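A.B. asks: Below you'll find the structure I mean.
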Amino acid sequence: MPGSSAKTSQTSGDLDGLRSAIRRRFGAAAEIGNVVFPTLGGSNVTIVFDVVEGTARRRLVSRQESYAGENNPFIPSWMQFRVMQLAYANKVPVPEPVFEYEPADEMGSGYVTAFVEGETLPNRVLRSPDFAEARARIVGQFGETFARLHSIDIAPIGFLEKTPDSIDPIMAQRDRMDAYGEDHPALELGFRWLERNRPAPSPRRLLHGDFRTGNLMIARDGLRAVLDWECCHIGSAAEDLGWLCTRSWRFGLNDRPVGGFGNREELINAYAAAGGSKVEIEQVR
């Protein structure tokens, strides 16, 4: 096919660059193996691979920025990496950050993390008998994770304060929609309602910004890792809880608002029990 050779060439180049980057960090004898290019993910080139050093192996994940355009909603990878480092240090379940790509690597913008075993496909985690135990406990784990994330001191990541979603999340979304140059009356009504019903100011917290079913690595015993940090910003804790409860992330299980797993009251109570600030259901709405 016309595009096959180009794709093969790009893949080969990615692996050559990855091998060189690994050897800069792990030594000239290090090799890569068991390479997989996942089919999911729309904003990054993702490579899952083993670092091989003699008889030792370690499973890692490479993420390179691939989303371009003037209306890019995502923060740069260097910001993502530093936020993940801070989250990992504060025991938020996040893949361990290993290293960030540098210009000498010729891999563009991106980073490498540890691999976390689990499942992200919504229909499997929401419906398969294999994840029944996880579904029974995961809303409580969400509340605990939010509480830990939102308790992190934001001083070391002050650079996030200058991102559009940190300055004004409603205006950030409106600007993105306006940039498309399309008419969406229903969304305009939504924006008008939001403008007229802005919640009262609340403490500024570190937010994941896209915490929802599909961005969570889930095992049979529950939540293993929170993935995809390209939307993180500073704002109200209710934003994170509300995004998880959006209808889009229930995947048909609309009687379970929390990502298709449970109800809002259970999430809010688990959040408060783990030390999170008081959040009302209307704020989440």
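A.B. asks: Please determine, by comparing only the residues of the stretch 177-209 that are basic (Lys, Arg) and either more than 29 Å from THR145 (Cα to Cα) or modelled with pLDDT of 95 or more (or both), which one is surrounded by the most Cβ atoms within 10 Å (Cβ to Cβ).
C.D. replies: Restricting to residues being basic (Lys, Arg) and either more than 29 Å from THR145 (Cα to Cα) or modelled with pLDDT of 95 or more (or both), the top hit is ARG205.
A.B. asks: Mind listing just one residue for me: the one in the stretch 84-122 that is within 18 Å of PHE146 (Cβ to Cβ) and touching a helix residue (DSSP H, G or I) at 6+ places or on another chain (Cβ under 7 Å) and, of those, surrounded by the fewest Cβ atoms within 10 Å (Cβ to Cβ)?
C.D. replies: If we take residues in the stretch 84-122 being within 18 Å of PHE146 (Cβ to Cβ) and touching a helix residue (DSSP H, G or I) at 6+ places or on another chain (Cβ under 7 Å), then LYS91 is surrounded by the fewest Cβ atoms within 10 Å (Cβ to Cβ).
A.B. asks: Take PRO169 and decide whether it is surrounded by 13 or more Cβ atoms within 10 Å (Cβ to Cβ) and under 20 Å from GLU282 (Cβ atoms). Spell out the reasoning first.
C.D. replies: Numbers: surrounded by 13 or more Cβ atoms within 10 Å (Cβ to Cβ): yes; under 20 Å from GLU282 (Cβ atoms): yes.
Yes: the conditions hold for PRO169.
A.B. asks: With ARG59, ARG24 as the choices, which residue is within 22 Å of the chain's Cα centre (by Cα), over 23 Å from ARG148 (Cβ atoms) and of a type in the set (Lys, Arg)?
C.D. replies: ARG59
A.B. asks: Output the residues belonging to the stretch 52-71 that are of a type outside the set (A, V, I, L, M), outside any loop (DSSP other than H, G, I, E, B) and surrounded by fewer than 17 Cβ atoms within 10 Å (Cβ to Cβ).
C.D. replies: Once the filter is applied, which keeps residues that are of a type outside the set (A, V, I, L, M), outside any loop (DSSP other than H, G, I, E, B) and surrounded by fewer than 17 Cβ atoms within 10 Å (Cβ to Cβ), the stretch 52-71 yields GLU53, ARG57, ARG58, ARG59.
A.B. asks: Check the stretch 236-244 and report whether any residue there is assigned to a strand (DSSP E or B), farther than 18 Å from ARG127 by Cα and not aromatic (Phe, Trp, Tyr).
C.D. replies: no
A.B. asks: Here is a further query. Of the conditions (1) part of a loop (DSSP other than H, G, I, E, B); (2) closer than 23 Å to LYS91 by Cα, ILE268 fails just one. Which one is it?
C.D. replies: All conditions pass for ILE268, except number (1).
A.B. asks: Could you give every pair whose Cβ atoms fall below 7 Å, whose first residue belongs to the stretch 241-257 and is in contact (Cβ under 8 Å) with a residue 12 or more places away in the chain and crowded, with 17+ Cβ neighbours inside 10 Å, and whose second residue is of a type in the set (Lys, Arg) and assigned to a helix (DSSP H, G or I), counting only separations of at least 6 or pairs across chains?
C.D. replies: These pairs meet every condition: CYS245/ARG264; PRO257/ARG250; PRO257/ARG264.
A.B. asks: Can you pull out the residues in the stretch 180-194 that are in contact (Cβ under 8 Å) with a residue 24 or more places away in the chain and closer than 28 Å to ARG205 by Cα?
C.D. replies: LEU194, the sole residue that qualifies.
A.B. asks: Out of PHE49, PHE74, PHE81, I need the residue that is at pLDDT below 95 and either buried (at least 16 other Cβ atoms within 10 Å of the Cβ) or closer than 29 Å to ARG148 by Cβ (or both). Which one?
C.D. replies: On the way: PHE49 fails: at pLDDT below 95; PHE81 fails: at pLDDT below 95.
Every option except PHE74 fails the conditions.
A.B. asks: Go through the stretch 87-101 and count every residue that is touching a residue at least 24 places away in the same chain (Cβ under 8 Å) and over 23 Å from ILE218 (Cβ atoms).
C.D. replies: Summing the residues that are touching a residue at least 24 places away in the same chain (Cβ under 8 Å) and over 23 Å from ILE218 (Cβ atoms) in the stretch 87-101 gives 2.
A.B. asks: Taking PRO38, is it closer than 30 Å to ARG135 by Cβ, free of Cβ contacts under 8 Å to residues at least 40 places away in the same chain, part of a loop (DSSP other than H, G, I, E, B) and outside the structural domain of VAL226 (by TED's automatic domain parsing)?
C.D. replies: It is true that PRO38 is closer than 30 Å to ARG135 by Cβ, free of Cβ contacts under 8 Å to residues at least 40 places away in the same chain, part of a loop (DSSP other than H, G, I, E, B) and outside the structural domain of VAL226 (by TED's automatic domain parsing).
A.B. asks: Looking only at residues in the stretch 273-285 that are more than 23 Å from the chain's Cα centre (by Cα) and not acidic (Asp, Glu), which one is surrounded by the most Cβ atoms within 10 Å (Cβ to Cβ)?
C.D. replies: ILE281
A.B. asks: I'd like the residue in the stretch 159-171 that is in contact (Cβ under 8 Å) with a residue 24 or more places away in the chain and among the aliphatic types (A, V, I, L, M) and, out of all such residues, is nearest to GLN80 (Cα to Cα).
C.D. replies: My answer is LEU160.
The values are calculated or read from the model by the stated rules, or taken from the named source; none is laboratory data. Keep in mind the model is a prediction, meaning the values are calculated, not measured. Ideal geometry is used to build each Cβ from the backbone, glycine not excepted, and the neighbour counts take in all protein chains shown.
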